[in-house]
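Q: Sharing a structure here in structure tokens format.
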Amino acid sequence: MTLASLTKPWAPMSYGFLDASAKRELRRKMIKAVCVPGCQMPYASREVPMARGWGTGGLQVSLTLINPGTCVKVIDQGADDSVNAASIRRFLARVSGAPVTLDTLQADLIQSRHRIPEEILREDQILVLQVPNPEPLRGVQPNMSIARQMHADADYGRMWLQLYEQIVRAGRVMQGASYPSMVNGRHVMTPSPIPRWDVPKLHMARHLTILSAGREKRIFAVPPYCRVEPLVFDDVPYRVEDHGKLTCARSGATGFFMNEIPQDDGSSAFEVSDSQFGVKSIRQRDGETVELGETWYKGGDLSK
Amino acid sequence: MAYVATRGGERAIEQSERLFRAMLGRIGAERVAEIKQALPYLVDRVMGEASLYDEDLASLALAQTGGELYEAVLVLRAWRTTQPRLTVADPVEQNALFTHRRISAAFKDIPGGQVLGPTLDYSHRVLATDVLAGTPFDFLEVEPAADPAPAHQPSVSAWQAANDLVDVPDPDAAAGEEIPDLTREPLLFPAKRAHTLQSLARAETGGVLALGYAAMRGYGQAHPTVNELRLAEAEVVVSHPNGTKFSAGRVKVSQAEVVSKQGEKLGLGFAAALGWNEVKCIAAATLDLNSKGAPKGAATEEEFFLYHTEGVEASGFCIHFKLPHYVTFQSSLDAMRDAKATRAAEQEPAE
């Protein structure tokens, strides 16, 4: 045996960009996060060749999970062709050699910013959500160490109070995206800035969701078949965005989360936010044979 | 059918990067060498904030980012984090520093003497416009002192400790791999002392100055006196696997000790950084001085200033607001419109 036979030839960059010690750190913290659903695990978030706040947390998770056979989809605001999604997809493919796809059904790994696809994810798929602010208590407690103590004590009174105050002042809960949700009956987490429309998709989902905040150095997870319940009062039910009756002006699809496009005449047009689902809907309408997966919502209502 | 343009984003980002690169033109080794020679203080600042001491790489980072400092630091940090940690150097003791400049505002004279060293402090800040008219700006030869100051000096706080004026911290026994490393562990609070000093060392200069200045102006409890400010070179002493210790080279370092009266003793604040960067060290040491017992949420509280002076994180988050946010915006619009409609319905007069 020679020394040369035990070593690999020098390479300017590790496979998947991150070095082995960074990946080990990520794996350990992902396992911890899966074991304690919704609990934020601090991790040694490394710098990656992308600015902080641009998906560096999600990127580190994707780089750790990826292998040459992983089929990757990247979305931003529901769209695959958004500039930053395109940039991340290109980077992942470049450093891993993994194939990429726009189709949710073909993806093994989906890195997303602010949306969960409309087609139901399977047990063999992993969703990685980019998280700008991992702390659901930030609005009521900006200090991270105090907020951490509050999670330890399951001290969520101020969270409830904030929701109650919104109802008193505005007549309804005013929280837009990032709706605080109780995970596995224990930890309140932010589901990342996904719309309220997407939060119920996490509840008892078949797939694993990993949420990673690179700048804030926190990782948390929703394992498959885990409860994710938006914080609501018994007499004030949870309400998703009122998009159930809207129709996509391009594909004709109805009952999905929409982008509102302001028109010159002062009105609004709508288009399906999940861009590739929209593309497939257009193709189907035009008579092409496409595979549309089962969707979480049917006719604008949650189907499960 | 505009959906077919699904690859438009990729073309756009490719071309926008080309526009930027075309503006800077071709970058060769000579441009990097010129930056290294002409802008040593900028190179120092970037090396400090990147926590990577390599003048060539820092100059290259400045060249390829066109001097966009946040980008230059990010590109260095992203390179640094992929490099293996080969070994941990020996601790650097103050009196082992090869000192170029060392001043104390606390005493008229100090053991070892005040050493002004290279500085613009007492220069008149007049722009040398003659250079643009074709007359080069020339420097005068330095006249060496007949009796040069010793290159190695004790610290001022050592004298104060001997005179029972200050309690210097107990020596930290952690060595080698036991020393906490901020680049390999998350920063948690209350922070480990090593993490605090490492964070300050790589903090963004402008951010540290802003918060340090706030503390100096009165949003802190302690008024700093510069006990000692030092610009020096430190030997990086490492151990060969066979046990031999040797110097792997010298790095420029700066450090500041600031003190303030706290009862019968002096309170001590400290900061050090790679490269020569006086403003940052004085401001950082002032924050350190003020952090003990600072109320939660104050600018002088450790969690507050360490999080908010992390330049790569702060600048990244700031520019991320350029990314599309139309999903979150749509979600908010939905709640606003509904609240407004409900309110309007309530205010309809009863029939």
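Every number here is computed from the coordinates shown, using simple stated rules; none is lab data. None of these values were measured; they are calculated from a predicted model. Note that each Cβ is placed from the backbone with ideal geometry, even for glycine, and that neighbours are counted across all protein chains shown.
Q: In whole angstrom, note down how far apart the Cα centers of segment A:126-177 and segment B:312-332 are.
A: Measuring centre to centre over Cα atoms gives 19 Å.
Q: Can you give me the long-range amide H partners of B:Leu266? Hydrogens built in the peptide plane at 1.01 Å from N, cutoff under 5 Å, separation of 5 or more residues or another chain.
A: The list, which skips near neighbours in sequence, is B:Val166, B:Asp167.
Q: What is segment B:42-138 by shape, rounded, prolate or oblate, if you read a ≥ b ≥ c off the alpha carbon gyration tensor as root eigenvalues and call it rounded for a/c under 1.5, prolate for a/b larger than b/c, and oblate otherwise?
A: In terms of gyration-tensor shape, oblate.
Q: For B:His100, what residues show an amide H to amide H distance below 5 Å, using hydrogens built from the backbone and excluding near sequence neighbours?
A: B:Leu231, B:Ala232, B:Glu233
Q: Also, quick follow-up: Determine the calculated [θ] at 222 nm for chain A from helices alone, applying -39500 (n - 2.57) to every DSSP H run no shorter than 4 residues and normalising by the residue count; nearest 500 deg cm²/dmol.
A: Taken over chain A, the calculation gives -8000 deg cm²/dmol.
Q: While we're here: Provide a whole-number value for the mean count of partner chain Cβ atoms within 10 Å of the Cβ atoms in peptide A:41-51.
A: 6
Q: Could you grab the relative contact order for chain B? Cα pairs under 8 Å, six or more apart, rounded to a whole percent.
A: Normalised by residue count, the contact order of chain B is 17 percent.
Q: Restricting to bridges with both residues inside the protein assembly as shown, how much of the DSSP beta-bridge set is antiparallel, in percent to the nearest 5?
A: Approximately 75 percent, going by the DSSP bridge assignments.
Q: Tell me whether chain A comes out rounded, prolate or oblate; compute the Cα gyration tensor, take square roots of the eigenvalues as a ≥ b ≥ c, and use a/c under 1.5 as the rounded threshold.
A: oblate
Q: Further question: Where both residues lie in chain A, what percent of DSSP beta bridges are antiparallel, nearest 5?
A: 65 percent
Q: What residues qualify as long-range amide H neighbours of A:Ile116, i.e. H under 5 Å apart, gap of 5 or more or another chain, H built at 1.01 Å from N?
A: Excluding prolines and chain starts, which carry no amide H, there are no hits.
Q: Continuing with this model, one more query. Taking beta carbons within 10 Å but only from partner chains, what does the mean come to for residues B:311-319?
A: Per residue, the average neighbour count from other chains is 5.
Q: Which number gives the lysine pairs in chain B that have C-alpha atoms under 23 Å apart and are eight or more places apart or on different chains?
A: Close lysine pairs found across chain B: 13.
Q: With unit charges on the beta carbons (Lys and Arg positive, Asp and Glu negative) and the dipole taken about the Cα centre of chain B, which residue among B:Leu287, B:Gly66, B:Leu333 sits farthest to the positive side?
A: Checked the options; the winner is B:Leu333.
Q: Please turn the phi angles of segment B:145-154 into ³J(HN,Hα) values with the Karplus equation 6.51 cos²θ - 1.76 cosθ + 1.60 (θ = phi - 60°), one per residue in order, whole Hz, x for glycine and proline.
A: 5, 5, 10, x, 5, x, 6, 10, 10, x
Q: What list of ³J(HN,Hα) couplings, whole Hz, do you get for segment A:127-138 from phi and the Karplus terms 6.51, -1.76, 1.60, once you set θ to phi - 60° and write x for glycine and proline?
A: Calculated HN-Hα couplings, in order: 9, 10, 9, 7, 10, x, 10, x, 9, x, 8, 3 Hz.
Q: Hey, another quick one. Okay, helix-only estimate at 222 nm for chain B: each DSSP H run of n ≥ 4 adds -39500 (n - 2.57), divide by all residues, round to 500 deg cm²/dmol; what do you get?
A: Rounded to the nearest 500, it is -12500 deg cm²/dmol.
Q: If you average the alpha carbon positions of segment A:34-66 and of segment A:204-239, how far apart do those two centres end up, in angstrom?
A: 16 Å
Q: Residue by residue through segment A:214-223, which ³J(HN,Hα) values in whole Hz follow from phi under the Karplus form 6.51 cos²θ - 1.76 cosθ + 1.60 (θ = phi - 60°), with glycine and proline marked x?
A: Running phi through 6.51 cos²θ - 1.76 cosθ + 1.60 with θ = phi - 60° gives x, 5, 8, 6, 9, 10, 8, 8, 10, x Hz.
Q: Could you work out Rg/(2.2 N^0.38 Å) for the protein assembly as shown, with Rg from alpha carbons only?
A: The value comes to 1.11.
Q: Placing unit charges on C-beta atoms (Lys and Arg positive, Asp and Glu negative, everything else neutral), compute the dipole magnitude of chain A about its Cα centre in debye, rounded to 20.
A: Rounded to the nearest 20 debye, it is 1220 debye.
Q: Between segment B:136-187 and segment B:84-135, how far is it from one alpha carbon centroid to the other, in angstrom?
A: Comparing the Cα centres of segment B:136-187 and segment B:84-135, I get a distance of 12 Å.
Q: Tell me which of B:Ile13, B:Ile27, B:Gly134 sits at the most positive position along the dipole axis of segment B:1-159, charges placed on C-beta atoms (Lys, Arg +1; Asp, Glu -1).
A: Towards the positive end, the residue furthest out is B:Ile13.
Q: Moving to a separate point now. Just how many pairs of Lys in chain A have C-alpha atoms closer than 18 Å, counting pairs that are eight or more places apart or on different chains?
A: Number of lysine pairs found: 9.
Q: Grab the other residues whose beta carbon is less than 11 angstrom from that of A:Met144, score K and R as +1, D and E as -1, and report the net.
A: Combined, the nearby Lys, Arg, Asp and Glu give +2.
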